[in-house]
Amino acid sequence: MSRVLFLWIVITGSISCTVIKPNQVSIAENYATVLKGVSTVPENIYFRMYSLKAQSEQAQLSGLISTTGSANEALQFLDESFNDRIAFLNLIDSMTESYGLVKDYADLLMALVNDSYLAKFMSQKSSWQLSFEKLTSKYFLTTGKYKGAYTPASVGASGLVGNLLQEIGSTKIKSLQKKYLQQAIATSTPIIKSICQSFIDFDLPRLKADYAAMPSFLRENFKDFLGNINAYEKQAGNNPFHYYKDYIPVYHYMQYQYYEAGLLLTRMETCMKDLMASFDDFLYCFDHDIKRKDLPEAITRLNDSFSALTRLLSNLDAIHNKYNKMF
Amino acid sequence: MPYNHLIRILVFSSLLYACESKSTSSVKDINAEYEGNPATDYDKAKPLPGNDPGAMGYMPAEGESEEESKRKAIQMQIDSAYKSIALLEEAKIALNNTRDEVLTAAERNAKSKSIYYINLLQNEMCRAVDASIINNLKVNAGKLEQITSTMEDQVSNLKSASESLQKAAVYVSKTANIFSACFTSGWVKPAISKKQ
């Protein structure tokens, strides 16, 4: 009798250990939401910075084309300038593709959080799988190439994902959570952490240096553009004032875009640093079933900075429209 | 001595050698904008093992992890790139200090062409992540040097800018060497290659 009782205690004990509780689901949702939110911002910032450079170079290029006497030379500059822009686009792709992996992991975690996310994930399961496999293989290739550059990604992740994808659609979410949620968080975190660390170590210094150098870059290119207009108009006996006034909004708009990029960069820096400081707390809270009201300060701080970032992203269009109405 | 340590010492020696050029830049050092990373006077930085006067003067301390050394080397690459960008910007400012209305169309063309190539070089500096970029950097630095010497010989009104251009061109060549060293060591940003 006592043996049966002992067995019953062991069985019920092990079940209660593996059941995922609402607090754990809530922590997982919080974690995945932040990851998904920040994963698209690096591309957004890089694009804003390089688009701004390209706009200012476009103005300078028109001054150059107007002073060259040779059509062949003019076309050479136009072609080079076009290639330079495409190089910017390729650079944005290559610099930010690793953040796509963070987004894919976040989508997977979200699918394990509740039925509505799961249904959404199911509808795009094939495209998710293709994207994930491509990004993962590139990531392993890159981290293998640059030996020691990153925390080695757990090979268990591929097995987990394969099994999970097979069961999604035929197994209820509670069972999926019980079998995979803890493992999915544990195996994905080292990779996500190293990608976020690379934002702080490599992307942030570049972006901040680009940002600091930008005002002079915009100003000097625009000066060259205005200088050519001034010379041509004076030579033609015209007052350059009538031409300058048309270009003032162009310069101001570039300054405005610079202002927007700065807001985004500042918010993203804070949020990414808060995220880096919260990884261990997320894992701890998940493993120890911590209630939402008892979350550690690091996670509360992250949620505040993430909220500031998302609020800014959703307000950018509205601020933009207000700015345009000032003229 | 392990082979990796020998490579590391050789790379650092070549990087430090490349960074020895004297600079009298009046452009505000962009590193001053980094949080917790005050501007460094690169001319005065003494490379003592383990000290951290800024990435340019950094040498690995005994027992420092490979990861930490790599991180410092990449930051040195970033610092060098943006130092070059600042010097190129200084040359652009010198070019724009001339009054356009006194320049002939040919002189304005030479000035605009120089600014155009400076833009290309600055762009290549900030995207120095692979070997093809390093090659382009060297090609465009050559084009800029060519324009600078033409300017010195023929364009009297722009002579004042040529000194800044020469200084920038020399620094760009040195920075290209730093990029090459970081690239061949595998010490570049581990970006995932572009979308196929």
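The values are calculated or read from the model by the stated rules, or taken from the named source; none is laboratory data. All figures in this text were calculated on a predicted structure; none of them were measured in a lab. Neighbour counts are summed over all protein chains in view; Cβ atoms, including those assigned to glycine, are modelled from backbone coordinates with ideal geometry.
A quick yes/no check of all residues on (1) at pLDDT 95 or above; (2) within 14 Å of chain B (Cβ to nearest Cβ); (3) in a helix (DSSP H, G or I); (4) out of contact with any Phe, Trp or Tyr (no Cβ under 7 Å at 6 or more places or on another chain):
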site: A:A213; (1), (2), (3), (4): no, yes, yes, no
site: A:A231; (1), (2), (3), (4): no, yes, yes, yes
site: A:H252; (1), (2), (3), (4): no, no, yes, yes
site: A:M268; (1), (2), (3), (4): yes, yes, yes, yes
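Return a yes/no flag: does region B:70-81 have any residue that is more than 8 Å from chain A (Cβ to nearest Cβ), under 21 Å from A:D210 (Cα atoms) and without any contact (Cβ under 8 Å) to a residue 24 or more places away in the chain. For region B:70-81, residues more than 8 Å from chain A (Cβ to nearest Cβ), under 21 Å from A:D210 (Cα atoms) and without any contact (Cβ under 8 Å) to a residue 24 or more places away in the chain: present. Could you check, for region B:97-118, whether at least one of its residues is surrounded by 19 or more Cβ atoms within 10 Å (Cβ to Cβ), modelled with pLDDT under 75 and either more than 8 Å from every other protein chain (Cβ to nearest Cβ) or within 25 Å of A:T68 (Cβ to Cβ) (or both)? Among the residues of region B:97-118, at least one is surrounded by 19 or more Cβ atoms within 10 Å (Cβ to Cβ), modelled with pLDDT under 75 and either more than 8 Å from every other protein chain (Cβ to nearest Cβ) or within 25 Å of A:T68 (Cβ to Cβ) (or both), which makes the answer yes. Scanning region A:233-250 for residues that are part of a helix (DSSP H, G or I) and of a type in the set (S, T, N, Q) gives a single hit, A:Q235. Restricting attention to region A:45-72 and to residues that are of a type outside the set (A, V, I, L, M), in a helix (DSSP H, G or I) and within 9 Å of chain B (Cβ to nearest Cβ), the residue that is nearest to B:N109 (Cα to Cα) turns out to be A:T67. Of everything listed in (1) more than 14 Å from chain B (Cβ to nearest Cβ); (2) assigned to a helix (DSSP H, G or I); (3) hydrophobic (A, V, I, L, M, F, W, C), the single unmet condition for A:I290 is (2).
Between A:I195, A:I168, A:I185, A:I173, the distinction of being closer than 25 Å to A:L35 by Cα, buried (at least 17 other Cβ atoms within 10 Å of the Cβ) and in contact with an Asp or Glu (Cβ under 7 Å, 6 or more places away or on another chain) belongs to A:I173 only.
Rundown of residues vs (1) among the acidic types (D, E); (2) more than 21 Å from the chain's Cα centre (by Cα); (3) more than 30 Å from A:F282 (Cα to Cα), yes/no style:
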residue: A:C196; (1), (2), (3): no, no, no
residue: A:F199; (1), (2), (3): no, no, no
residue: A:F202; (1), (2), (3): no, no, no
residue: A:P205; (1), (2), (3): no, no, no
residue: A:D210; (1), (2), (3): yes, no, yes
residue: A:E220; (1), (2), (3): yes, yes, yes
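Residues that are among the aromatic types (F, W, Y) and surrounded by 12 or more Cβ atoms within 10 Å (Cβ to Cβ) were ranked within region A:273-327; the one that is modelled with the lowest pLDDT is A:Y323.
Filtered by the rule that a residue be among the aromatic types (F, W, Y) and over 16 Å from A:Y211 (Cβ atoms), region A:33-84 gives A:F77, A:F82.
One residue stands out in region B:60-96 among those that are farther than 19 Å from A:G227 by Cα, modelled with pLDDT of 75 or more and of a type in the set (V, I, T): the one that is farthest from the chain's Cα centre (by Cα), namely B:I78. Considering only residues in region A:210-228 that are free of Cβ contacts under 8 Å to residues at least 12 places away in the same chain and among the aliphatic types (A, V, I, L, M), the one that is surrounded by the most Cβ atoms within 10 Å (Cβ to Cβ) turns out to be A:A213. Any chance region A:142-161 includes a residue that's of a type in the set (S, T, Y), at pLDDT 90 or above and either crowded, with 20+ Cβ neighbours inside 10 Å or touching a helix residue (DSSP H, G or I) at 6+ places or on another chain (Cβ under 7 Å) (or both)? Within region A:142-161 (the criterion being of a type in the set (S, T, Y), at pLDDT 90 or above and either crowded, with 20+ Cβ neighbours inside 10 Å or touching a helix residue (DSSP H, G or I) at 6+ places or on another chain (Cβ under 7 Å) (or both)), the answer is no, since none of the residues qualifies.
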